[in-house]
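The values are calculated or read from the model by the stated rules, or taken from the named source; none is laboratory data. Keep in mind it's a predicted model, so treat the numbers as computed, not measured. Don't worry about glycine lacking a Cβ; one is built from the backbone with ideal geometry, like all the others, and counts go over all protein chains shown.
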Amino acid sequence: MTCARHLRAPLVGIVLLLTANCSNTPTYPKTHLAESLQDIFTNERLATSVRFLDHTLAVQLDYPNALSKHGTQFGIGPDFDEATRKVLTGIHRVLLSSDAAVRFYVLLLSDPKIPGAYLTIVRYMDDVRRANANMIDTPEMFARTVLELNFVGPERVTLEQYVPRDIQMEEFLSWQLARRIQSRLTEELEPSGTATVGRCGGVFENGEFAFTLDVTPKTLGTPLDEITIRKTFQASTNVIAKVLSNYHFDGFKGIRLIYPATGRNLVLPKTQLRTFL
């Protein structure tokens with residue numbers, strides 16, 4: 001179960017401005033990256049496990065009161081800020097002072113009092129460096145952070161299961177874009193009272209980004225009008241074009257927007273996206 005709206009405010013202050021070591025010798029060599037980070041967490045008395053792949057760092061943290069549960073709804077807990085501050089400070093400290101070519105890091109946060117609930121945070125290290133250099137502001141850094149809160153059942157998830165291989169840029173962008181599209185549609189459609197926006201999904205397959213738009217009419221049994229559907233496609237395409245342009249990412253053939261309620265698809269080749277900037 002996702003509760004993304006409840007995650008916005010506390011994470012605004014998590015962009016940590018840390019300075020990388022300027023010495024030629026890295027403070028945290030690649031060969032001891034996971035061990036060094038685990039030592040830092042152990043000294044902080046954090047219940048963590050660390051997994052380092054070629055270009056992805058994954059950390060699992062179990063922290064009391066980091067999450068909350070109210071009935072069937074899950075959200076952040078009273079100690080969420082403290083938990084993320086401690087673990088992300090350690091991650092940034094090590095990655096910004098290492099010779100390891102880490103492109104992404106993943107934090108899998110759980111709460112021993114709420115087994116089965118997991119909050120995932122995924123970040124692109126170049127975004128972190130840009131934030132440190134004041135090249136992107138805090139709201140944009142938050143928008144570039146992938147956040148996902150899910151309940152997966154009583155069986156404990158391991159890092160090996162959750163992050164079996166390196167994260168690819170295409171995957172990261174599809175996750176980020178799905179969240180940004182959902183946020184934009186919520187802002188544009190819900191205030192008018194004509195539609196409700198649910199969880200939008202994103203995947204990258206065969207050179208194409210595909211996004212499923214979960215938009216339903218407020219009045220049951222009444223389909224969305226054509227103007228609202230067009231507005232939905234237009235707003236989604238604008239988000240995609242802007243984000244891919246900002247990342248200078250062109251390793252794709254096109255995009256597909258899917259509106260399941262009617263089965264309508266909007267397919268655009270890469271070259272046409274420039275008209276939406």
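For region 92-112, the tally of residues that are over 17 Å from D81 (Cβ atoms), part of a loop (DSSP other than H, G, I, E, B) and not hydrophobic (A, V, I, L, M, F, W, C) stands at 4. Out of (1) in contact (Cβ under 8 Å) with a residue 40 or more places away in the chain; (2) under 23 Å from P26 (Cα atoms); (3) not small (G, A, S), what's the single condition that is false for F74? Single failed check for F74: (2). T212 meets each of the listed conditions (1) farther than 14 Å from T262 by Cα; (2) among the hydroxyl-bearing types (S, T, Y); (3) touching a residue at least 40 places away in the same chain (Cβ under 8 Å) apart from (1). Q176 fulfils the conditions (1) out of contact with any Lys or Arg (no Cβ under 8 Å at 6 or more places or on another chain); (2) closer than 20 Å to S236 by Cα except for a single criterion, (1).
One line per residue, one yes/no per condition, for (1) over 19 Å from the mean Cα position of the chain (by Cα); (2) assigned by TED's automatic domain parsing to the domain that holds T158; (3) modelled with pLDDT of 95 or more; (4) more than 21 Å from R144 (Cα to Cα):
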{"position": "A34", "(1), (2), (3), (4)": "yes, yes, yes, yes"}
{"position": "L46", "(1), (2), (3), (4)": "yes, yes, yes, yes"}
{"position": "S49", "(1), (2), (3), (4)": "yes, yes, yes, yes"}
{"position": "D54", "(1), (2), (3), (4)": "yes, yes, no, yes"}
{"position": "V59", "(1), (2), (3), (4)": "no, yes, yes, no"}
{"position": "G71", "(1), (2), (3), (4)": "yes, yes, no, yes"}
{"position": "R93", "(1), (2), (3), (4)": "yes, yes, yes, no"}
{"position": "A100", "(1), (2), (3), (4)": "yes, yes, yes, yes"}
{"position": "L108", "(1), (2), (3), (4)": "no, yes, yes, no"}
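Only residues that are touching a residue at least 60 places away in the same chain (Cβ under 8 Å) and either at positive phi or not in a strand (DSSP E or B) (or both): list them for region 37-65, please. Once the filter is applied, which keeps residues that are touching a residue at least 60 places away in the same chain (Cβ under 8 Å) and either at positive phi or not in a strand (DSSP E or B) (or both), region 37-65 yields L53, D54, H55.
Can you tell me which residue within region 162-192, out of those that are over 18 Å from the mean Cα position of the chain (by Cα) and of a type outside the set (S, T, Y), is surrounded by the fewest Cβ atoms within 10 Å (Cβ to Cβ)? Here the answer is P191. Checking each residue in region 148-180 for being in contact with a Ser or Thr (Cβ under 7 Å, 6 or more places away or on another chain) and over 28 Å from K253 (Cβ atoms) picks out L149, N150, L159.
At least 1 residues being touching a strand residue (DSSP E or B) at 6+ places or on another chain (Cβ under 7 Å) and more than 30 Å from V50 (Cβ to Cβ) is the threshold, and among the helices (runs of 4 or more DSSP H) wholly inside region 157-255 those reaching it are 169-189, 226-246.
Any residue that is farther than 21 Å from D127 by Cβ, touching a Leu at 6+ places or on another chain (Cβ under 9 Å) and in contact (Cβ under 8 Å) with a residue 24 or more places away in the chain - is there at least one of those in region 240-253? Within region 240-253 (the criterion being farther than 21 Å from D127 by Cβ, touching a Leu at 6+ places or on another chain (Cβ under 9 Å) and in contact (Cβ under 8 Å) with a residue 24 or more places away in the chain), the answer is no, since none of the residues qualifies.
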